[in-house]
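The values are calculated or read from the model by the stated rules, or taken from the named source; none is laboratory data. The structure displayed is predicted, hence computed values, not measured ones. Ideal geometry is used to build each Cβ from the backbone, glycine not excepted, and the neighbour counts take in all protein chains shown. We work out accessible area using only protein heavy atoms, side chains counted, and drop any ligands, DNA or RNA first. Shrake-Rupley method; radii C 1.70, N 1.55, O 1.52, S 1.80 Å.
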Amino acid sequence: GRLYVDKNVEKARMPTLGALATRRLARHADRIEREFRDVFLPAFDASIRILEAVDFDRLSTPDLRTELARLHRDFLTTTHLEVDTINVAAGLLLEAARQHAVRDGLDATDCFAQIPQTTANRCLAEAAAGPRDQRLDHLIEGIGHRALFDYELAEPRFAERPDVLLRIYGDSAQPAKDTSPASPVVLMPRASISLQRVIDQACRFQALKEDAKHHSLRQFAAMRRCLCTFSRRLGIGDLVYFLTFDELLSTQSPDIAQLSLIATQRRATRSLLLEHPPLPASLTWQDLEVESSSLLSCVAGSQTDLRGIRVSGSAVVTGRACCVGDLEAERGDPIPHFRDGDIIVSSMLHPAWLPQIRKAGGLVCEVGGWLSHMAIVAREGQIPMVVRVNGLRRIPDGAGLKIDASGLVTLQDAEGDTPVAYAQAAE
């Protein structure tokens, strides 16, 4: 029941941009950013402020259905189209800048550590600096429309769960930064002018990517409010999250009994599937055959050479391995045995762990990439982070780990030696 991607199909479908197209994108990047911030965003903000003031309970059921269909269509075809344009540009510019930095002999992770402050981070910084009794109100106003898993409609927004909001962000004081999206990144003296330019552009687009997502989620939160009201009107409650929009909106008078039956069966299937621990983040066809034959419950750790990609930090760090199980990571359960300075070892980094992540000595995980939110958080705090590492289950909980400047993760013995290499970063 978990989501996996066939990488061969993904690669076949992915458009390839040559050097000429990438240079053209770089030339138009400033225009793309300017049009989003100065043209799209003001108009979007004006319409969303009105939408956020709407009381959906006062609409008739037909009008509610019409508004839900409109919100869904508009988010997919207009708002998220703008966001995805930024996402694609941010990914291409980051990779081009990373390759340029490597060619110039510079550490790529150092180059991307100074990201301009995002709208969400500015809200956190202001809340942390303000009076404690006003902190919750400030957080709800600034990021109340977001959630632990932002793009999951079934996930309550922070405004609906202020206890979660305070637990994660209540005491997370953030250093103030220059809030200008055009603030240049300062690199080491031996960086060329052209590298300065492309690194600055890539870092700005990382902030722009986060801002585009942040603002678009205001419309997503309004869609969730509308969906919740429509669900209450139909009398199906949380079962609505196990239905597709087509099923829900296909007719003016939906068959409530049939929809409830379909949703109840899907919910039961999901509950059964969630009882089984997830498989590793990366699978081969052989792994799938073994798993489906019930010959082995988990095939992770069979590799002898474990490699990953270092996306943050360059300092050498040592610490205790704080290993989190797959189910606990998927649910975002608290990490009771975490101590400040530990190196968190997990298949994924759950957003609920942000307080621990900011206090961690390092991060080693299977899922993630240069543009993932956790990688951005790690780079902001200069926390060493290695992603896409298969076979983490071979690292004992509580073992001593070392992450060196090259991204190599090694297991240490009691005397501090490093006899076993566990993950070599592939730059």
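For I262 and S192, what is the calculated FRET efficiency with R₀ set at 41 Å and r taken between the beta-carbons, to the nearest 0.05? Efficiency, from the Cβ-Cβ distance: 0.10. Ligands, DNA and RNA left out, the accessible area of the chain computed with a 1.4 Å probe is 55% carbon and sulfur. The calculated FRET efficiency for the pair L76 and D133, based on their C-beta separation and a Förster distance of 51 Å, comes to about 0.80. Residue-wise HN-Hα couplings along segment 264-276, as the Karplus relation 6.51 cos²θ - 1.76 cosθ + 1.60 with θ = phi - 60° gives them from phi, are 5, 5, 5, 5, 5, 5, 4, 4, 5, 5, 6, 6, 9 Hz; Gly and Pro carry x. Looking at segment 13-169, the accessible area is 54 square angstrom per residue; that uses a 1.4 Å probe and ignores ligands, DNA and RNA. Separation of segment 104-145 and segment 329-388, taken as the distance between their Cα centroids, equals 17 angstrom.
Computed 3J(HN,Hα) for segment 66-77, one whole-Hz value per residue from the Karplus formula 6.51 cos²θ - 1.76 cosθ + 1.60 where θ = phi - 60°, is 4, 5, 5, 4, 5, 4, 4, 5, 5, 5, 6, 8, glycine and proline marked x. Using a cutoff of 8 angstrom between alpha carbon atoms and counting only pairs six or more residues apart, the relative contact order for the chain works out to 15 percent. Rounded to whole numbers, the Karplus 3J(HN,Hα) couplings from phi for segment 2-13 are 8, 8, 10, 10, 6, 5, 5, 5, 4, 5, 5, 8 Hz, using 6.51 cos²θ - 1.76 cosθ + 1.60 with θ = phi - 60°, and x at Gly and Pro.
Find the centroid of the Cα atoms in segment 50-69 and in segment 1-46, then give the distance between the two in whole Å. Each part's Cα centre sits 32 Å from the other's. Computed from the Cα positions only, the extents of the chain along the three principal axes stand at 69, 56, 51 Å, in decreasing order.
For G368, the amide hydrogen comes within under 5 Å of the amide hydrogens of R388, counting only partners 5 or more places away or on other chains and with H modelled in the peptide plane. Count Lys and Arg as plus one, Asp and Glu as minus one, and take only other residues whose Cβ is under 13 Å from that of P336; the net charge is then -3. Extension gain, M14-D340: 0.36 nm per intervening residue step, less the Cα-Cα distance, totals 113.3 nm.
Net charge around A321, counting only other residues with Cβ within less than 9 Å of its Cβ (Lys, Arg = +1; Asp, Glu = -1)? Every neighbour counted, the sum reads -1. Between R310 and V387, A426, the built amide H atoms are under 5 Å apart, and every one of these is 5 or more places off in sequence or on another chain. Amide H contacts for A399 (H built 1.01 Å from N in the peptide plane; partners 5 or more residues away or on another chain; cut-off under 5 Å): A321.
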